[in-house]
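Heads up, the thing below is written out as C-alpha coordinates.
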Amino acid sequence: MTAARMNVISTVTAVPDRGEVLGQAIPFDRARWLPLLPSADWWPPELDDCPTVAGRPRVDRKTVFEVARRWDTVEGRRHLLIAALVWGTGTKARSVARRADIFTAASARDIDARLEAGLGALREEGPVAAYYAFNNDQHIKFLGQAFFTKVIYFTGHEQCAWAWRPLILDRFVALALRAADTGDRWPTSGWKTPWYRRYLFLAHEHAQRAGVLPDQVEAALFVRGKRRDEIRPKMRSSLATGRAVADAAVPPPGAP
(Lines give C-alpha, C1' and ligand atoms only; values in the text may rest on other atoms or scores of the structure.)
Protein backbone atom coordinates (compact mmCIF):
# COMPACT_ATOMS: atom_id res chain seq x y z
CA MET A 1 0.00 0.00 0.00
CA THR A 2 1.37 3.40 -0.94
CA ALA A 3 1.96 6.24 1.48
CA ALA A 4 -0.90 8.18 -0.12
CA ARG A 5 -3.29 5.38 0.71
CA MET A 6 -2.21 5.58 4.33
CA ASN A 7 -3.02 9.28 4.75
CA VAL A 8 -5.93 8.89 7.17
CA ILE A 9 -5.82 12.47 8.43
CA SER A 10 -6.01 15.55 6.26
CA THR A 11 -3.01 17.83 6.45
CA VAL A 12 -5.35 20.59 7.64
CA THR A 13 -6.45 18.52 10.65
CA ALA A 14 -4.07 18.91 13.58
CA VAL A 15 -3.30 15.91 15.76
CA PRO A 16 -3.88 17.03 19.37
CA ASP A 17 -1.20 16.50 21.98
CA ARG A 18 -1.80 13.74 24.54
CA GLY A 19 -2.60 16.17 27.33
CA GLU A 20 -5.40 17.63 25.23
CA VAL A 21 -6.75 14.14 24.53
CA LEU A 22 -6.71 13.15 28.20
CA GLY A 23 -8.36 16.43 29.10
CA GLN A 24 -11.31 15.98 26.73
CA ALA A 25 -14.13 16.58 29.22
CA ILE A 26 -17.88 16.03 28.93
CA PRO A 27 -20.51 17.53 31.28
CA PHE A 28 -22.89 15.17 33.04
CA ASP A 29 -25.87 15.19 35.39
CA ARG A 30 -25.51 12.67 38.24
CA ALA A 31 -29.16 13.07 39.25
CA ARG A 32 -30.33 11.84 35.84
CA TRP A 33 -28.18 8.72 35.96
CA LEU A 34 -28.65 7.40 39.50
CA PRO A 35 -32.37 6.45 39.28
CA LEU A 36 -31.67 4.50 36.07
CA LEU A 37 -28.83 2.31 37.36
CA PRO A 38 -29.40 -1.19 38.77
CA SER A 39 -28.31 0.19 42.16
CA ALA A 40 -26.45 3.21 43.52
CA ASP A 41 -23.24 1.21 44.00
CA TRP A 42 -22.80 1.01 40.21
CA TRP A 43 -21.90 4.72 40.28
CA PRO A 44 -18.09 5.21 40.21
CA PRO A 45 -16.95 7.38 43.14
CA GLU A 46 -14.34 9.09 40.94
CA LEU A 47 -17.15 10.95 39.16
CA ASP A 48 -18.12 12.68 42.39
CA ASP A 49 -14.69 14.33 42.48
CA CYS A 50 -14.91 15.78 38.97
CA PRO A 51 -14.53 19.56 38.66
CA THR A 52 -17.57 21.71 37.98
CA VAL A 53 -17.62 24.09 35.02
CA ALA A 54 -20.56 26.42 34.34
CA GLY A 55 -22.63 24.62 36.96
CA ARG A 56 -22.04 21.10 35.62
CA PRO A 57 -19.47 18.50 36.68
CA ARG A 58 -17.26 17.40 33.79
CA VAL A 59 -15.57 14.03 33.39
CA ASP A 60 -12.47 13.74 31.21
CA ARG A 61 -10.66 10.81 29.63
CA LYS A 62 -8.02 10.82 32.35
CA THR A 63 -10.66 10.20 35.01
CA VAL A 64 -12.24 7.33 33.06
CA PHE A 65 -8.78 5.77 32.68
CA GLU A 66 -8.43 5.96 36.46
CA VAL A 67 -11.74 4.15 36.88
CA ALA A 68 -10.63 1.53 34.33
CA ARG A 69 -7.66 0.52 36.46
CA ARG A 70 -10.12 -1.50 38.56
CA TRP A 71 -11.56 -3.42 35.59
CA ASP A 72 -10.42 -6.82 36.92
CA THR A 73 -13.19 -6.91 39.57
CA VAL A 74 -16.97 -7.09 39.17
CA GLU A 75 -17.41 -3.71 40.83
CA GLY A 76 -14.60 -2.20 38.78
CA ARG A 77 -16.14 -3.36 35.50
CA ARG A 78 -19.49 -1.92 36.53
CA HIS A 79 -17.87 1.39 37.37
CA LEU A 80 -15.95 1.35 34.09
CA LEU A 81 -19.13 0.77 32.09
CA ILE A 82 -20.90 3.66 33.80
CA ALA A 83 -17.92 6.02 33.49
CA ALA A 84 -17.60 5.25 29.77
CA LEU A 85 -21.34 5.77 29.25
CA VAL A 86 -21.34 9.05 31.16
CA TRP A 87 -18.30 10.36 29.31
CA GLY A 88 -19.85 9.50 25.95
CA THR A 89 -23.39 10.75 26.60
CA GLY A 90 -23.56 14.31 27.93
CA THR A 91 -26.43 15.86 29.87
CA LYS A 92 -29.55 15.49 27.71
CA ALA A 93 -32.21 13.50 29.55
CA ARG A 94 -33.23 11.67 26.38
CA SER A 95 -29.65 10.58 25.66
CA VAL A 96 -29.13 9.40 29.24
CA ALA A 97 -32.37 7.40 29.11
CA ARG A 98 -31.32 5.75 25.84
CA ARG A 99 -27.99 4.67 27.32
CA ALA A 100 -29.74 3.37 30.43
CA ASP A 101 -31.91 1.04 28.31
CA ILE A 102 -29.01 -1.36 28.82
CA PHE A 103 -30.12 -1.91 32.41
CA THR A 104 -33.77 -2.65 31.60
CA ALA A 105 -32.94 -5.06 28.76
CA ALA A 106 -30.71 -7.38 30.81
CA SER A 107 -30.10 -8.39 34.39
CA ALA A 108 -27.10 -7.19 36.32
CA ARG A 109 -25.81 -10.77 36.37
CA ASP A 110 -25.99 -11.02 32.58
CA ILE A 111 -24.25 -7.67 32.07
CA ASP A 112 -21.55 -8.70 34.55
CA ALA A 113 -20.95 -11.98 32.73
CA ARG A 114 -20.72 -10.36 29.30
CA LEU A 115 -18.39 -7.62 30.51
CA GLU A 116 -16.13 -10.20 32.11
CA ALA A 117 -16.07 -12.38 28.99
CA GLY A 118 -15.57 -9.51 26.54
CA LEU A 119 -12.78 -7.91 28.54
CA GLY A 120 -11.31 -11.34 29.13
CA ALA A 121 -11.00 -11.64 25.35
CA LEU A 122 -9.15 -8.31 25.38
CA ARG A 123 -6.74 -9.53 28.03
CA GLU A 124 -6.08 -12.87 26.36
CA GLU A 125 -6.17 -12.04 22.65
CA GLY A 126 -6.25 -8.27 22.18
CA PRO A 127 -8.63 -5.57 20.95
CA VAL A 128 -9.86 -7.23 17.75
CA ALA A 129 -10.95 -10.32 19.70
CA ALA A 130 -12.67 -8.11 22.27
CA TYR A 131 -14.49 -6.23 19.51
CA TYR A 132 -15.67 -9.49 18.02
CA ALA A 133 -16.85 -10.71 21.43
CA PHE A 134 -18.88 -7.59 22.26
CA ASN A 135 -20.27 -7.45 18.73
CA ASN A 136 -21.34 -11.10 18.76
CA ASP A 137 -21.53 -13.71 21.55
CA GLN A 138 -21.02 -11.22 24.39
CA HIS A 139 -23.15 -8.43 22.94
CA ILE A 140 -24.97 -6.39 25.57
CA LYS A 141 -28.28 -5.17 24.17
CA PHE A 142 -28.30 -1.40 23.57
CA LEU A 143 -24.53 -1.21 24.10
CA GLY A 144 -23.60 -0.38 20.53
CA GLN A 145 -20.22 -0.29 18.85
CA ALA A 146 -19.59 3.38 19.62
CA PHE A 147 -19.93 2.62 23.32
CA PHE A 148 -18.48 -0.85 23.76
CA THR A 149 -15.35 0.37 21.94
CA LYS A 150 -15.13 3.05 24.64
CA VAL A 151 -15.13 0.30 27.27
CA ILE A 152 -12.42 -1.60 25.36
CA TYR A 153 -10.41 1.58 24.79
CA PHE A 154 -10.37 2.71 28.41
CA THR A 155 -9.52 -0.79 29.58
CA GLY A 156 -6.64 -1.42 27.23
CA HIS A 157 -5.14 1.65 25.58
CA GLU A 158 -2.73 2.36 28.44
CA GLN A 159 -1.44 -1.21 28.33
CA CYS A 160 1.08 -2.29 25.70
CA ALA A 161 0.47 -6.04 25.79
CA TRP A 162 -0.68 -6.28 22.16
CA ALA A 163 0.54 -5.17 18.76
CA TRP A 164 -2.39 -2.72 18.55
CA ARG A 165 -4.01 -0.61 21.26
CA PRO A 166 -7.82 -0.50 21.32
CA LEU A 167 -9.48 2.65 20.01
CA ILE A 168 -12.96 4.15 19.95
CA LEU A 169 -14.91 3.73 16.71
CA ASP A 170 -18.02 5.87 16.30
CA ARG A 171 -19.83 7.52 13.41
CA PHE A 172 -17.65 10.64 13.51
CA VAL A 173 -14.47 8.60 13.24
CA ALA A 174 -16.11 6.59 10.45
CA LEU A 175 -17.07 9.78 8.58
CA ALA A 176 -13.44 10.92 8.71
CA LEU A 177 -12.23 7.53 7.51
CA ARG A 178 -14.81 7.61 4.73
CA ALA A 179 -13.39 10.93 3.55
CA ALA A 180 -9.77 9.82 3.87
CA ASP A 181 -7.60 8.37 1.15
CA THR A 182 -7.45 4.82 2.54
CA GLY A 183 -8.58 2.86 -0.49
CA ASP A 184 -11.75 1.75 1.35
CA ARG A 185 -15.45 2.59 1.11
CA TRP A 186 -16.10 3.06 4.81
CA PRO A 187 -19.64 2.44 6.09
CA THR A 188 -20.85 4.93 8.68
CA SER A 189 -22.42 2.27 10.91
CA GLY A 190 -22.72 -1.50 11.35
CA TRP A 191 -19.00 -2.21 11.32
CA LYS A 192 -18.10 -5.89 11.33
CA THR A 193 -14.87 -7.00 12.96
CA PRO A 194 -12.73 -6.66 9.79
CA TRP A 195 -13.57 -2.94 9.68
CA TYR A 196 -12.37 -2.50 13.25
CA ARG A 197 -9.18 -4.39 12.44
CA ARG A 198 -8.66 -2.16 9.40
CA TYR A 199 -9.22 0.96 11.47
CA LEU A 200 -6.67 -0.10 14.09
CA PHE A 201 -4.15 -0.86 11.36
CA LEU A 202 -4.57 2.55 9.72
CA ALA A 203 -4.54 4.48 12.99
CA HIS A 204 -1.44 2.71 14.29
CA GLU A 205 0.42 3.17 11.00
CA HIS A 206 -0.34 6.89 11.06
CA ALA A 207 0.56 7.20 14.77
CA GLN A 208 3.89 5.49 14.22
CA ARG A 209 4.81 7.79 11.36
CA ALA A 210 3.69 10.89 13.27
CA GLY A 211 5.37 9.88 16.52
CA VAL A 212 2.14 10.04 18.55
CA LEU A 213 -0.08 7.59 20.40
CA PRO A 214 -2.98 5.97 18.51
CA ASP A 215 -5.68 7.71 20.55
CA GLN A 216 -4.30 11.05 19.40
CA VAL A 217 -5.07 9.90 15.85
CA GLU A 218 -8.54 8.77 16.95
CA ALA A 219 -9.18 12.19 18.53
CA ALA A 220 -8.11 13.95 15.33
CA LEU A 221 -10.36 11.70 13.24
CA PHE A 222 -13.27 12.42 15.62
CA VAL A 223 -12.82 16.18 15.21
CA ARG A 224 -12.59 15.91 11.42
CA GLY A 225 -15.63 13.64 11.22
CA LYS A 226 -17.70 15.91 13.46
CA ARG A 227 -16.86 18.90 11.29
CA ARG A 228 -17.96 17.00 8.19
CA ASP A 229 -21.19 16.00 9.96
CA GLU A 230 -21.90 19.64 10.79
CA ILE A 231 -21.16 20.78 7.24
CA ARG A 232 -23.41 18.21 5.52
CA PRO A 233 -26.79 19.77 6.54
CA LYS A 234 -25.52 23.18 5.39
CA MET A 235 -24.46 21.65 2.08
CA ARG A 236 -27.86 20.00 1.67
CA SER A 237 -29.59 23.29 2.48
CA SER A 238 -27.38 25.15 0.03
CA LEU A 239 -28.06 22.59 -2.70
CA ALA A 240 -31.81 22.75 -2.03
CA THR A 241 -31.72 26.54 -2.23
CA GLY A 242 -29.76 26.35 -5.48
CA ARG A 243 -32.28 23.94 -6.95
CA ALA A 244 -35.17 26.18 -5.90
CA VAL A 245 -33.55 29.21 -7.52
CA ALA A 246 -32.86 27.24 -10.69
CA ASP A 247 -36.43 25.92 -10.82
CA ALA A 248 -37.80 29.43 -10.36
CA ALA A 249 -35.70 30.62 -13.26
CA VAL A 250 -37.20 28.05 -15.64
CA PRO A 251 -40.53 29.24 -17.10
CA PRO A 252 -43.42 26.78 -16.85
CA PRO A 253 -44.57 24.99 -20.02
CA GLY A 254 -46.62 27.30 -22.22
CA ALA A 255 -45.38 30.48 -20.57
CA PRO A 256 -44.80 33.38 -22.98
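The values are calculated or read from the model by the stated rules, or taken from the named source; none is laboratory data. All values reported here derive from a predicted model rather than from experimental measurement. No Cβ is skipped: glycine too gets one built from the backbone with ideal geometry, and neighbour counts run over all protein chains shown. Each accessible area value is taken on the protein alone, full model and side chains, heavy atoms only, with ligands, DNA and RNA left out. Shrake-Rupley method; radii C 1.70, N 1.55, O 1.52, S 1.80 Å.
Among all lysine pairs in the chain that are eight or more places apart or on different chains, how many have alpha carbons less than 20 angstrom apart?
Qualifying lysine pairs in the chain: 8.
In the stretch 96-140, what percent of the accessible surface is made up of carbon and sulfur (1.4 Å probe, ligands and nucleic acids excluded)?
Within the stretch 96-140, the accessible surface is 39 percent carbon and sulfur.
Taking all pairs of distinct Cα atoms, average 1/r, flip it, and tell me the Kirkwood hydrodynamic radius of the chain in Å to one decimal place.
The answer is 19.8 Å.
Test of understanding: extend the Cα→C-beta vector of Glu125 to 7 Å, then name every residue of the stretch 164-185 with backbone N under 20 Å from that spot.
Flagged as within label range: 164-169.
Counting only other residues whose beta carbon sits under 11 Å from that of Phe147, what net charge do I get with K and R as +1, D and E as -1?
Local charge sum for Phe147: +2.
What is the pair-distance distribution P(r) of the stretch 142-211, computed from all Cα-Cα distances in 10 Å bins starting at 0, with each bin given as a whole percent?
So the P(r) values, bin by bin, are 19, 54, 26, 1.
May I ask you to derive the FRET efficiency for Ser39 and Ala14 from their Cβ-Cβ distance with R0 = 41 Å, giving the value to the nearest 0.05?
0.45
Roughly what would the spin-label model give for Ala97 and Ala113, points 7 Å off Cα along C-beta, in nm?
In this crude label model, Ala97 to Ala113 measures out at 3.0 nm.
Would you please name the trypsin sites (Lys or Arg not before Pro) within the stretch 108-203 that are DSSP coil residues with at most 15 other C-beta atoms within 10 Å of their C-beta?
Lys141, Arg185, Lys192
What's the magnitude of the charge dipole for the chain around its Cα centre, counting Lys and Arg as +1 and Asp and Glu as -1 at the beta-carbon? Answer in Debye, nearest 20.
Details: 37 positive and 28 negative charges, 184 e Å.
Charge dipole of the chain: 880 debye, to the nearest 20.
Efficiency by 1/(1 + (r/R0)^6): what FRET value for Thr73 and Asn136, r their Cβ-Cβ distance, R0 = 35 Å, to the nearest 0.05?
0.90
Calculate, for the stretch 129-226, the solvent-accessible area per residue in square angstrom, rolling a 1.4 angstrom probe over the heavy atoms of the protein chains.
About 39 Å² of surface per residue is accessible.
What full-extension length gain, to one decimal in nm, is calculated for Arg198 and Glu66 as 0.36 nm per residue of separation minus the Cα-Cα distance?
44.7 nm
From Cα pairs below 8 angstrom and at least 6 apart in sequence, can you work out the relative contact order of the chain, rounded to a whole percent?
RCO, the chain: 21 percent.
Of all the Cα-Cα pairs you can form in the stretch 52-133, what percent are over 19 Å apart?
Here the tail beyond 19 Å accounts for 47 percent of pairs.
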